[in-house]
Structures are given as structure tokens and as C-alpha cells.
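I have placed the structure first, in the form of C-alpha cells, so that the comments after it can refer back to it.
Bear in mind these aren't lab numbers, they're just calculated from the coordinates by the rules spelled out. Being a predicted model, the structure only gives us computed values, none of them experimental.
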Amino acid sequence: MPAVWIAVIVVFAFVLFLIVLYNGLVQLRVRADSAWSDIDVQLKRRHDLIPNLVETVKGYAAHEKGTFENIARYRTAAMAATTPDQKIEAEGQLTNALRGLLAVAENYPQLRASEQFTSLQASLNEIEDSLQNSRRYYNAVVRDLNTKIQSFPTNILAGMFGFQSRPFFQVESPADRENVQVKF
């Protein structure tokens with residue numbers, strides 16, 4: 001009879017161990033989803049600000065049509081992106097287009113003196129800071145999730161239940177590593 005009890009205790013301990021591993025994976029997946037949602041909120045704020053910024057600059061620099069078209073195209077692509085990989089690529093292109101717009105703005109002193117433009121630029125910088133913080137948190141959670149998914153013995157359980165590694169939200173080029181700024 002003691003051998004039966006030992007076997008029951010061992011099986012119970014093993015099942016409990018699997019439950020703890022599974023719940024840890026679920027917790028990290030939920031945190032990654034939540035962190036991605038935070039990034040989405042910041043991206044939406046940025047997408048909502050862009051038309052106002054473009055219209056303000058357009059009033060002073062109407063002949064910069066190509067810049068405005070690029071921003072509109074990249075903003076549409078960024079808003080239509082559904083997967084993290086698509087969003088990461090589209091947002092990188094949009095960031096570069098915004099840099100171009102703000103570089104155009106530097107050529108127009110009247111625009112830089114505009115209170116509306118200054119306010120929009122400050123809002124954009126605030127959003128970029130919030131976005132950077134959201135990306136940092138997301139990447140930390142993804143790092144923990146990916147490490148757990150790839151570590152033994154969790155990797156066996158992760159494979160059985162379909163947990164997959166997530167991509168990091170990284171900037172694409174060294175120029176993307178800088179905040180969008182306007183120098184006065």
C-alpha cells in the first residue's frame with residue numbers, strides 16, 4: 001500500500017508541476033497581449049495626430065505634395081496592418097515619413113513660430129515618449145515569454161499547447177532610433 005501512495009504523490013506532484021508551468025506561460029501570453037494593446041493605443045494616438053500636423057504644415061508648405069502623399073500612404077498602411085510584424089514595418093516607414101515632414105517644417109520659420117504647429121509637435125513628442133515606454137515594456141514581456149517557451153521543460157509543454165514566440169518591436173534602422181524632433 002505505501003508504494004501506491006508514493007506513486008499517487010509522484011503523479012500529483014508531476015501534474016501540479018505541469019499546471020504551474022502552463023499557468024506561467026498563459027500569464028506571460030496575457031501580459032504580452034496587454035503590452036501590445038498599450039502600443040496599439042499609442043499608435044492610434046499618433047495616427048490621429050498626423051492629419052492635423054500635415055494640414056498645419058500644408059498651409060505653409062503647399063508645394064511639398066510628395067511628402068504629404070507619403071505620409072498619407074504610410075499612415076493608411078500602418079492603420080491597416082494586423083500582425084505585429086506588419087505593424088512594426090509599417091510604423092517604421094511612417095516614422096521616416098514623419099521625419100521628412102518635420103524636416104520640411106524646419107525650412108519655414110513662420111510655421112515653426114505657429115502656436116498650432118508647436119502644440120502639435122509637443123503632442124507628437126509626448127506620444128513618441130509614451131510609445132517608447134510601451135515598446136520597452138512589451139519587449140521585456142516578450143523576452144520573458146520567448147525565454148520560457150524555449151527553455152526546458154517548458155518548451156515541451158509550450159509546443160503541446162501551441163504557444164509561439166513573439167517578435168520584438170524593434171526599430172528598423174539607426175535613424176529610427178531617434179525621436180521625431182523639430183529644432184527651433
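Could you tell me which label, among (i) 1.23; (ii) 1.25; (iii) 0.93, carries the value of Rg/Rh (Cα atoms, Kirkwood Rh) calculated for this structure?
Only one option fits the structure, namely (i).
If you scale each eigenvalue of the Cα gyration tensor by 5 and take the root, what three semi-axes come out for region 42-84, rounded to whole angstrom and sorted largest first? Intermediate values should be presented prior to the final figure.
Working: eigenvalues 98, 29, 4 Å².
Computed over region 42-84, the values are 22, 12, 5 Å.
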